[in-house]
1. Pull up the stretch 195-204, narrow it to residues that are part of a loop (DSSP other than H, G, I, E, B) and surrounded by fewer than 23 Cβ atoms within 10 Å (Cβ to Cβ), then point me to the one that is nearest to the chain's Cα centre (by Cα).
2. Pull out all pairs, ordered by first then second residue, where Cβ-Cβ is under 7 Å, the residues are six or more apart or on different chains, the first lies in the stretch 115-143 and is of a type in the set (D, E, K, R), and the second is surrounded by fewer than 14 Cβ atoms within 10 Å (Cβ to Cβ) and assigned to a helix (DSSP H, G or I).
3. Are there any pairs, at least 6 apart or on different chains, whose C-beta atoms fall under 7 Å, with the first in the stretch 222-250 and within 23 Å of Lys50 (Cα to Cα) and the second in a strand (DSSP E or B) and of a type in the set (Asp, Glu), and if so, which?
4. Is the stretch 91-105 home to any residue that is more than 21 Å from Met233 (Cα to Cα), of a type outside the set (Ser, Thr, Tyr), at pLDDT below 90 and touching a helix residue (DSSP H, G or I) at 6+ places or on another chain (Cβ under 6 Å)?
5. Does Val256 fit the bill of being within 30 Å of His107 (Cα to Cα), outside any helix (DSSP H, G or I) and β-branched (Val, Ile, Thr)?
6. Enumerate the pairs (first residue in the stretch 152-164 and closer than 19 Å to Met275 by Cα; second residue anywhere and in a helix (DSSP H, G or I)) with beta-carbon separation below 6 Å, excluding pairs fewer than 6 apart on the same chain, so at least 6 apart or on different chains.
7. Could you tell me which of the residues Tyr154, Tyr209 is hydroxyl-bearing (Ser, Thr, Tyr) and under 18 Å from Trp264 (Cα atoms)?
8. What number of residues within the stretch 244-281 satisfy the criterion of being crowded, with 19+ Cβ neighbours inside 10 Å and modelled with pLDDT under 95?
Amino acid sequence: MKVAKKKTDEEMKRLENTFIKPSDIDTILRDDATVYTEDGKLLLLFRKKKLTGGQAFYDVIADYMKKHPSTNRGTASGSTTKNTRENPKIQTTITGYFDRWSPIHKHLFKKKGIPTPIEVRETAFVSDHPDEFEKMVPFIEKIDHWYKKYLPEYYEKQYKKAKETHFKIADTAFTTITTNINFQTTLHKDKGDDEDGFGNLAVIEKGKYTGGETCLPQYGIGVDVREGDILLMDVHEWHANLPIQLEKDAERMSVVCYLRRKLWERTKKKSRAFMKRHNQTVRNLKAKTV
């Protein structure tokens with residue numbers, strides 16, 4: 001399947017960080033599909049009912065997300081201010097490894113008079129609950145498996161980078177996972193992930209809902225990703241979610257796996273021993289304040 005642009009790049013840029021609506025989308029894909037642009041560039045690959053183990057993943061992370069809502073999603077949540085205290089509270093979290101210090105880390109380094117280490121870290125959930133995080137890994141390995149199977153040329157480029165750092169998730173092509181519950185993102189392009197790779201999206205469901213489709217509005221196309229499905233997409237194209245209509249207590253958890261480019265650049269020559277020392281130093285810093 002090939003699709004043409006409905007809007008120019010300039011028109012899309014003006015719509016950045018705004019919410020989309022169903023009338024912006026011509027086609028919603030609900031069955032297996034592979035979509036290319038008119039010039040032959042792969043836009044997305046969608047396959048139904050390939051993933052298992054999502055509920056076990058949900059059981060590990062969902063309560064943590066609900067207890068620790070975030071205001072750090074900024075414009076992706078529709079916020080128009082840079083003051084995070086004024087942003088909407090979103091059920092979202094990042095697990096795995098990241099390439100920016102949190103405000104808490106910055107405060108602790110300053111308070112203790114410690115020179116700021118290389119800007120790479122375990123995320124809070126991994127640091128505080130390493131055994132629980134290990135229970136999430138099998139589901140991520142299944143996503144990795146299908147990524148490798150369906151898009152080997154993209155996978156191999158990304159996996160080669162992942163192999164060069166010890167700050168990664170098991171033996172996968174990923175360093176990082178973003179998990180969201182009932183979160184409609186505004187129009188954006190992903191930043192910070194590997195330009196050579198492809199985005200990996202899965203969904204885990206609780207109860208019934210409609211909407212939430214993942215869309216590429218510049219091409220007028222969207223994908224209704226449901227539990228067990230996998231969507232591989234070019235996240236450097238403009239994308240967003242349609243509104244989500246939830247029945248009582250329903251939840252739509254999205255799981256996005258990727259490789260952080262700066263993380264790879266900063267750690268590709270570091271040893272496993274360095275990783276362990278670095279992680280322990282940061283964990284000890286936090287533990288002393290408790």
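The values are calculated or read from the model by the stated rules, or taken from the named source; none is laboratory data. Treat the numbers as computed from the prediction; the structure is a model and nothing was measured. Ideal geometry is used to build each Cβ from the backbone, glycine not excepted, and the neighbour counts take in all protein chains shown.
1. Step one: filter the stretch 195-204 for residues part of a loop (DSSP other than H, G, I, E, B), giving 195-198.
Add one more test, that the residue is surrounded by fewer than 23 Cβ atoms within 10 Å (Cβ to Cβ), and what stays is 195-196.
Numbers: Glu195: 14, Asp196: 16 Å.
Among them, the one singled out is Glu195.
2. Hits for this filter: Lys135/Ala56.
3. Arg226/Glu205; Glu227/Glu205; Val235/Asp193
4. Scanning the stretch 91-105, I find at least one residue that is more than 21 Å from Met233 (Cα to Cα), of a type outside the set (Ser, Thr, Tyr), at pLDDT below 90 and touching a helix residue (DSSP H, G or I) at 6+ places or on another chain (Cβ under 6 Å), so the answer is yes.
5. On the way: within 30 Å of His107 (Cα to Cα): yes; outside any helix (DSSP H, G or I): yes; β-branched (Val, Ile, Thr): yes.
Yes.
6. Short answer, once both residue conditions are applied: Lys161/Trp264.
7. Details: Tyr209 fails: under 18 Å from Trp264 (Cα atoms).
Step by step, each of Tyr154, Tyr209 is checked, and only Tyr154 is hydroxyl-bearing (Ser, Thr, Tyr) and under 18 Å from Trp264 (Cα atoms).
8. 2
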